[in-house]
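For reference, the structure is listed below as structure tokens.
The values are calculated or read from the model by the stated rules, or taken from the named source; none is laboratory data. Source: prediction; values computed, not measured. We place every Cβ from the backbone using ideal geometry, glycine too, and count neighbours over all the protein chains shown.
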Amino acid sequence: MLKDLIKEADTVEAAVELAAVELNVSVEELEVEVLQEPQKKAFGLFGGTPAKVKVTVKGGSPAEAAVAFLKKVLATMGVTQVEITVKEENNHCTLSLEGEDLGFIIGRRGETLDALQYLTSLVANRVENAYYRVSLDIGNYREKREGTLTSLARRHANQAAKNGRKTSLEPMNPYERRIIHTAVQQVEGATSWSVGSEPNRHVIIGPSDDNPVKERAPRRNDRRRGERRERGRRNENGEYVIERPVREVRQFVPRSNPTGDAADFAPPERTLSEKENSATLYGRIDL
């Protein structure tokens, strides 16, 4: 990306606007040096010179452009009392913010901080039209978050290496997923991979292909929870046979005929008591 440019126009203001359009920046981001003032033509026909200006984009380095943009955004958010420390490396800089009541800039699980970091990186990459990485940090949040993710990855990796089961983690950004993959690689018998699409792309931790536990790990639908696994043995052909106890089948005896067959047994006749014979029917009228 060009940092300075010389432009001519009828007026100084018009020349500056043309330079801003060509550099793809706003007029406020330019430093203007007037090389020549415009002069009108004599009698409207002879002589006259246009205005000539030299403009330079403010913020000579990507880090300076990132700091300028960050301060402008923070001021819009109502944060004015903030100190920004810049640590530059090869094609990378870390901007550390210090001040009071900056927790809301981090957001839920660093989502606000990540979004602000992404926008700042776009501004820094426009300076030299090359890849330049910018990292934002507040109160060593990045370091603390990295330690938390590393512990989480190792714990699930050890479980996967031991019992052969997979674990699906919550959606994360590419930077945090890279931390998970790096930590899992240090655990023998475990591996990790990413699935899904942004912003719901997440990491799954499971047993590696060379882990012997992977073959005998029980599946979710193999048996119901709380149900005992039936024991068995292998026969001569190597097949796994489940041994079940043989239960004695009892002969069914009907309750209505407990003493004999239906052919030679008849139920007793119904008898009525004297009270039943002498009783009158309720509601009966004899005419």
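Here are the numbers:
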| read-out | value |
| --- | --- |
| Selected residue (criterion: nearest to residue 128 (Cα to Cα)) from residues of the range 15-37 that are of a type outside the set (A, V, I, L, M, F, W, C) and at pLDDT below 85 | 24 |
| Which numbered condition residue 131 fails, given (1) closer than 21 Å to residue 106 by Cα; (2) in contact with a helix residue (DSSP H, G or I) (Cβ under 9 Å, 6 or more places away or on another chain); (3) surrounded by fewer than 14 Cβ atoms within 10 Å (Cβ to Cβ) | (1) |
| Residues (hydrophobic (A, V, I, L, M, F, W, C) and surrounded by fewer than 16 Cβ atoms within 10 Å (Cβ to Cβ)) located in the range 104-118 | 104, 115 |
| Long-range neighbours under 6 Å by Cβ, at least six apart or interchain, first residue free of Cβ contacts under 8 Å to residues at least 24 places away in the same chain within the range 5-25, second buried (at least 16 other Cβ atoms within 10 Å of the Cβ) and part of a strand (DSSP E or B) | 18/7; 18/9 |
| Any chance residue 48 is at pLDDT below 85 and either assigned by TED's automatic domain parsing to the domain that holds residue 129 or under 25 Å from residue 132 (Cβ atoms) (or both) | no |
| Count of residues meeting criterion [crowded, with 20+ Cβ neighbours inside 10 Å and of a type outside the set (A, V, I, L, M, F, W, C)] in the range 178-190 | 0 |
| So residue 20, is it among the hydrophobic types (A, V, I, L, M, F, W, C) and more than 25 Å from residue 124 (Cβ to Cβ) | no |
| Conditions (1) without any contact (Cβ under 8 Å) to a residue 24 or more places away in the chain; (2) of a type in the set (Ser, Thr, Tyr); (3) assigned by TED's automatic domain parsing to the domain that holds residue 86: number failed by residue 132 | (1) |
| Extreme residue, farthest from residue 160 (Cα to Cα), among residues of the range 192-222 that are among the aliphatic types (A, V, I, L, M) and at pLDDT 80 or above | 195 |
| Some residue of the range 107-127 being assigned to a strand (DSSP E or B) and among the basic types (Lys, Arg) | no |
